[in-house]
Amino acid sequence: PYDITTFPATDPVAAALGAKPLDAETSLNYSVGAVMHFGTVSLTIDAYQINIDDRIVLSENLTDAVVRNYLQSLGFIGVGGGRFFLNGVDTETQGVDVVLNWPVDMGSAGRFDFTLAANFNQTDVTKVPPPSEALGEIYDPATPPPLFGRLNTLAFEEGTPSDKFVATLNWDLRSFGATLRATRYGETLNPGTSEALDFVLDPAVLLDIEARWDITEKVRVAVGADNVLDEYPD
């Protein structure tokens, strides 16, 4: 039962490692968009930028021998280290969403809606918190352990796909309907403790299908499968 504004500094181990009371994150968002119509076809384009300052993140795992000995000297026997929430990470995300929709009425064959969507985005970590002042006193001042280092930074910048494409076909005929959707996620990086241990996850396509029947105006039965081809990351 911690107050988020005081935790983790109220936790004795976290405080010993340099934790301080948390502040609220702040953000500034910009966006601009346009909608265009070409007969029955519509095209929507939205561009955005999201700046977040003082993000609340988890620190690195502080578990080396220097930290363990330091904690034991303070009376924390058996504690092998720790990590804690902290402020101080600033990020900038820029992206574009594009959606193309084309409805087609085939009369007795029903209505088909074709939708193509794409997202392109990039997140950059523009600021990281300085090393812990508390730990700076027990380490070589030239090589203090980072509170937010390479692994965490890469997880923010490359841990999610920078592009995503979705193609959807939706069919409706009176009380019957079906949806077929293919989603392609771009490559991501699973960062290791060094560049040699980084692992790139290749792009993957997931296929979802669904069939439905409106028994009444208030009752619908649907059956389908997500990821019907059973795709998994590398």
Inset, instruction - Search the range 31-52 for residues that are over 21 Å from F114 (Cα atoms) and pair each with any residue that is outside any strand (DSSP E or B) and open to solvent by 40 Å² or more (accessible area, probe 1.4 Å) when their beta-carbon atoms are under 9 Å apart and the residues are at least 6 apart or on different chains. - result: I52/E25
Inset, instruction - Could you tell me whether any residue of the range 91-101 is open to solvent by less than 50 Å² (accessible area, probe 1.4 Å), out of contact with any helix residue (DSSP H, G or I) (no Cβ under 6 Å at 6 or more places or on another chain), more than 28 Å from L154 (Cβ to Cβ) and touching a residue at least 12 places away in the same chain (Cβ under 8 Å)? - result: yes
Legend entry - Condition met for V35 (in contact with a Ser or Thr (Cβ under 8 Å, 6 or more places away or on another chain) and under 30 Å from T126 (Cβ atoms)): no
Legend entry - Any pair with Cβ under 7 angstrom, 6 or more apart, that starts in the range 192-203 at a residue that is in contact (Cβ under 8 Å) with a residue 40 or more places away in the chain and ends at one that is assigned to a strand (DSSP E or B) and of a type in the set (A, V, I, L, M): D198/L189
Legend entry - Single residue of L151, L135 found to be at pLDDT below 95, touching a Ser or Thr at 6+ places or on another chain (Cβ under 7 Å), surrounded by 14 or more Cβ atoms within 10 Å (Cβ to Cβ) and more than 30 Å from W102 (Cβ to Cβ): L151
Legend entry - Matching option when the condition is farther than 19 Å from F120 by Cβ, assigned to a strand (DSSP E or B), among the charged types (D, E, K, R) and open to solvent by 60 Å² or more (accessible area, probe 1.4 Å), among R212, R181: R181
Inset, instruction - Determine if the range 103-119 includes at least one residue that is in contact with a helix residue (DSSP H, G or I) (Cβ under 8 Å, 6 or more places away or on another chain), among the polar types (S, T, N, Q) and in a strand (DSSP E or B). - result: no
Legend entry - Selection status of V32, among the β-branched types (V, I, T) and part of a strand (DSSP E or B): yes
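The values are calculated or read from the model by the stated rules, or taken from the named source; none is laboratory data. Since the model is a prediction, treat every value here as computed from it, not as a measurement. So basically every Cβ, Gly included, is an ideal-geometry build from the backbone, and we count neighbours across all protein chains shown. Remember, those area values only see protein heavy atoms, side chains included, never the ligands or the DNA or RNA. Shrake-Rupley method; radii C 1.70, N 1.55, O 1.52, S 1.80 Å.
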